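A short worksheet on the structure shown next.
The values are calculated or read from the model by the stated rules, or taken from the named source; none is laboratory data. Since the structure is predicted, the reported quantities are computational estimates derived from the model, not experimental observations. All Cβ positions, glycine included, derive from the backbone under ideal geometry; neighbour counts span all protein chains shown.
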């Protein structure tokens with residue numbers, strides 16, 4: 001199943017023109033003059049050669065037999081909403097793969113599920129099923145300003161909602177699964193950004209491009225150029241990426257190149273040494289954080305794998321709690337908004353008293369609402385920071401110290417080798433320029 005959202009073209013004629021297209025009515029004819037649907041539309045071809053097999057009218061006082069009058073009613077409802085300049089139509093198409101079929105009742109259920117997810121269930125709409133030579137599909141045309149409250153309901157984050165609903169419907173109706181990743185690009189990008197931010201400290205702490213790519217790959221990420229900057233992408237999906245500077249400012253191209261030198265792709269070796277390193281053995285990770293062996297010859301790859309596994313588990317647990325917290329906070333925000341909207345309506349509906357008093361009361365309610373929302377933002381931010389502090393993700397060195405304190409001999413050996421190696425690295429990177437400037441270094 002594919003659910004395609006059709007954007008309203010600039011300068012379109014509105015709901016009447018869209019209804020003519022999906023029903024297959026003649027252009028230039030007023031909807032009120034359309035013949036009865038049973039003798040005019042069903043079984044006939046549209047301008048594109050498609051057969052109209054089913055028509056449904058929802059939330060209208062007219063039925064499918066008087067679809068022209070239903071369209072006129074929806075157009076009039078849209079015209080009553082004069083406070084919005086946004087488009088007042090919404091159009092999407094539910095398409096089945098070749099060879100698949102749904103009964104009219106199943107199509108109606110699928111349509112209702114998607115419309116409810118968009119928050120347009122109270123709006124008037126026309127639904128038309130077309131049977132082309134390739135596949136069966138259903139057009140849904142919605143008059144977004146036709147709800148009883150006379151507001152223009154424009155869905156937010158509609159692609160993510162529609163594609164999530166399509167995936168659920170595929171499972172329930174037994175349809176062949178379809179890749180819905182294109183429609184949920186923003187949601188996937190936000191998820192990727194959150195995942196990258198959990199390892200941003202390790203990425204920023206990398207001393208070379210080789211180490212940066214290695215740390216990113218250990219978490220299923222890749223850092224690559226795009227345009228004039230860098231992006232953080234997913235190893236599982238080459239099309240999915242976010243701007244590196246959105247993950248952390250220190251990961252922007254200019255800051256990384258100032259610190260690490262010109263960009264080097266993965267596998268090109270350390271740009272400071274200019275030579276490629278031999279590939280690491282299975283189960284091992286190259287670099288100072290995961291040395292090949294300690295003084296006793298014990299391999300460190302398994303130790304670093306333990307660290308990555310524990311960190312991944314801690315990250316997953318923290319993300320689950322963060323998701324639950326976001327849902328609770330979103331519910332609280334909606335309840336707070338509805339409460340003060342109701343208070344505002346009550347104050348404006350009061351007939352008694354002077355106009356000056358009503359205006360003052362409305363202003364007071366507005367001030368209370370703004371203060372409550374400001375306090376909500378502070379409290380929610382503090383709650384998120386508290387949760388992150390309670391589920392702090394340990395860095396490699398901190399993890400080594402904790403395991404060494406528990407008596408882990410391998411962690412203690414790795415920690416000692418790391419501490420003895422760091423002063424030499426500091427002298428190489430910091431003292432050499434000073435000695436060269438003083439003329440004491442060749």
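Candidates are the residues of the stretch 169-184 that are closer than 13 Å to residue 94 by Cβ, part of a helix (DSSP H, G or I) and within 24 Å of the chain's Cα centre (by Cα); the one that is modelled with the lowest pLDDT is 170.
From the list 387, 400, the lone residue that is within 30 Å of residue 334 (Cα to Cα) and at pLDDT 80 or above is 387.
Annotation for the stretch 215-222: no member residue is assigned by TED's automatic domain parsing to the domain that holds residue 92, on the phi > 0 side of the Ramachandran plot and modelled with pLDDT under 85. In this structure, is residue 196 surrounded by 18 or more Cβ atoms within 10 Å (Cβ to Cβ), at pLDDT 80 or above and in a helix (DSSP H, G or I)? Considered against the rule, which asks whether it is surrounded by 18 or more Cβ atoms within 10 Å (Cβ to Cβ), at pLDDT 80 or above and in a helix (DSSP H, G or I), residue 196 comes out as yes.
For the stretch 64-85, a residue qualifies if it is in a loop (DSSP other than H, G, I, E, B) and at pLDDT 85 or above, and exactly one does: 81.
Yes or no, residue by residue, for (1) surrounded by fewer than 22 Cβ atoms within 10 Å (Cβ to Cβ); (2) at pLDDT 90 or above; (3) touching a strand residue (DSSP E or B) at 6+ places or on another chain (Cβ under 9 Å); (4) part of a loop (DSSP other than H, G, I, E, B):
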position	(1), (2), (3), (4)
99	yes, no, no, yes
102	yes, no, yes, yes
110	no, yes, yes, no
115	no, yes, yes, no
125	no, yes, yes, no
128	no, no, yes, no
133	yes, no, no, yes
